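Trainee: Mind looking over this structure? Questions follow.
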Amino acid sequence: MTSSEERGGLHAYEVVLKHIEAGILSGTHRPGDQLPPERELAGQLAVGRSAVREAMRVLQTQGLITSSTGPGRGTRIAPARGDALARIFQLHLALSDAGTADLTETRVALERSSAALAAQRRNARAIRRLKALMSAMEDAEAVDEFNDLDTDFHVQIARAGQSELIADLTVAIRQAVRETIRAASRALPNWPEHRRELVREHGEILSAIESGEPAAAANLVEQHIRRAYASLGISTPAGG
């Protein structure tokens, strides 16, 4: 069977895709697990090796697997779930009429939830990590370094809320608009002033989390996202 042939309405490479996806969903394949060699998969599924290679290219593009050469390496299930989600959101941005505005609303909803949960479930370790990131941001003046720390701060808030899924989604959305934010930040004539305002707002969010004020934390993070995007000239919904 070649990749152009079909089985039950599926192309051969799709048979391989469905098999690996089923393994991920069932827990048979976990992050870091090595997949069977190309020859073994082809024989097991009665497809050509070209179909296996085509399926692997699709999975790698989606960020679901990693591939490396050398003894004991091979093809493995990717541990970075946020990377796969980021690719999906990037495609959404490219194809959706709403684009960044739509994704902004999704980010606001997610981060309101994560900030509220962080305030409810706060612990000393999470607060220390957030304070360390705050301190690093105060010292970071370069756009790229600051934006990386900014992303880490928001992801840490999601992790402080003890929700790995929200953390993954937070990473994915921020990565999807990473270049947009970077380009807009570099183009700002008043980057130092904008950076200081971001630091101040992060400090207010952190204070609300540390004080255990879920509603305040949620409101502050929404105000922060909307003001930052407005300052950067990034599209948001009308009235948002």
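Trainee: If you go through segment 169-186, how many residues are open to solvent by 30 Å² or more (accessible area, probe 1.4 Å) and either free of Cβ contacts under 8 Å to residues at least 40 places away in the same chain or of a type in the set (Lys, Arg) (or both)?
Mentor: Counting residues in segment 169-186 that are open to solvent by 30 Å² or more (accessible area, probe 1.4 Å) and either free of Cβ contacts under 8 Å to residues at least 40 places away in the same chain or of a type in the set (Lys, Arg) (or both) gives 5.
Trainee: Let me ask something additional. Is one or more of the residues making up segment 101-118 farther than 16 Å from residue 226 by Cβ, open to solvent by 60 Å² or more (accessible area, probe 1.4 Å) and among the hydrophobic types (A, V, I, L, M, F, W, C)?
Mentor: The answer is no; no qualifying residue exists.
Trainee: Criterion first (open to solvent by 20 Å² or more (accessible area, probe 1.4 Å) and touching a residue at least 24 places away in the same chain (Cβ under 8 Å)) does residue 215 satisfy it?
Mentor: Working: open to solvent by 20 Å² or more (accessible area, probe 1.4 Å): yes; touching a residue at least 24 places away in the same chain (Cβ under 8 Å): yes.
It is true that residue 215 is open to solvent by 20 Å² or more (accessible area, probe 1.4 Å) and touching a residue at least 24 places away in the same chain (Cβ under 8 Å).
Trainee: Out of 21, 40, 54, I need the residue that is outside any loop (DSSP other than H, G, I, E, B) and within 11 Å of residue 77 (Cα to Cα). Which one?
Mentor: That would be 21, the only listed residue that is outside any loop (DSSP other than H, G, I, E, B) and within 11 Å of residue 77 (Cα to Cα).
Trainee: List the pairs whose first member sits in segment 104-120 and is farther than 14 Å from residue 215 by Cβ, whose second member is open to solvent by 30 Å² or more (accessible area, probe 1.4 Å), and whose Cβ atoms are under 6 Å apart, counting only residues at least 6 apart or on separate chains?
Mentor: Filtered contacts from segment 104-120: 104/236; 108/222; 110/169.
Trainee: Also, quick follow-up: Within segment 3-19, identify whether any single residue is open to solvent by less than 80 Å² (accessible area, probe 1.4 Å), in contact with a strand residue (DSSP E or B) (Cβ under 8 Å, 6 or more places away or on another chain) and modelled with pLDDT of 85 or more, and answer yes or no.
Mentor: There is at least one residue in segment 3-19 that is open to solvent by less than 80 Å² (accessible area, probe 1.4 Å), in contact with a strand residue (DSSP E or B) (Cβ under 8 Å, 6 or more places away or on another chain) and modelled with pLDDT of 85 or more.
Trainee: Of all residues being under 15 Å from residue 19 (Cα atoms) and surrounded by 17 or more Cβ atoms within 10 Å (Cβ to Cβ) in segment 53-74, which is modelled with the lowest pLDDT? Just the residue, please.
Mentor: Applying the filter and picking the extreme gives 64.
Trainee: Related question: Quick one: residue 50 ticks every box in (1) surrounded by 15 or more Cβ atoms within 10 Å (Cβ to Cβ); (2) of a type outside the set (Asp, Glu); (3) under 29 Å from the mean Cα position of the chain (by Cα); (4) modelled with pLDDT of 85 or more bar one, so which box is it?
Mentor: For residue 50, the exception is condition (3).
Trainee: Among the residues of segment 147-165, are any within 23 Å of residue 62 (Cβ to Cβ), open to solvent by 20 Å² or more (accessible area, probe 1.4 Å) and of a type outside the set (Ser, Thr, Tyr)?
Mentor: Yes, segment 147-165 contains at least one residue that is within 23 Å of residue 62 (Cβ to Cβ), open to solvent by 20 Å² or more (accessible area, probe 1.4 Å) and of a type outside the set (Ser, Thr, Tyr).
To keep it simple, each residue is scored yes or no on (1) under 28 Å from residue 189 (Cα atoms); (2) at pLDDT below 95; (3) of a type in the set (Val, Ile, Thr).
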| position | (1), (2), (3) |
| --- | --- |
| 88 | no, yes, yes |
| 91 | no, yes, no |
| 96 | no, yes, no |
| 102 | yes, yes, no |
| 108 | yes, yes, yes |
| 114 | no, yes, no |
| 124 | no, yes, no |
| 136 | yes, no, no |
| 149 | yes, yes, no |
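The values are calculated or read from the model by the stated rules, or taken from the named source; none is laboratory data. Bear in mind the structure is a predicted one, so any value in this text is a computation, not a measurement. Reconstructed Cβ throughout: ideal geometry from the backbone, glycine too, with neighbour counts over all protein chains shown. SASA here: full protein model, heavy atoms, side chains in, ligands and nucleic acids out. Shrake-Rupley method; radii C 1.70, N 1.55, O 1.52, S 1.80 Å.
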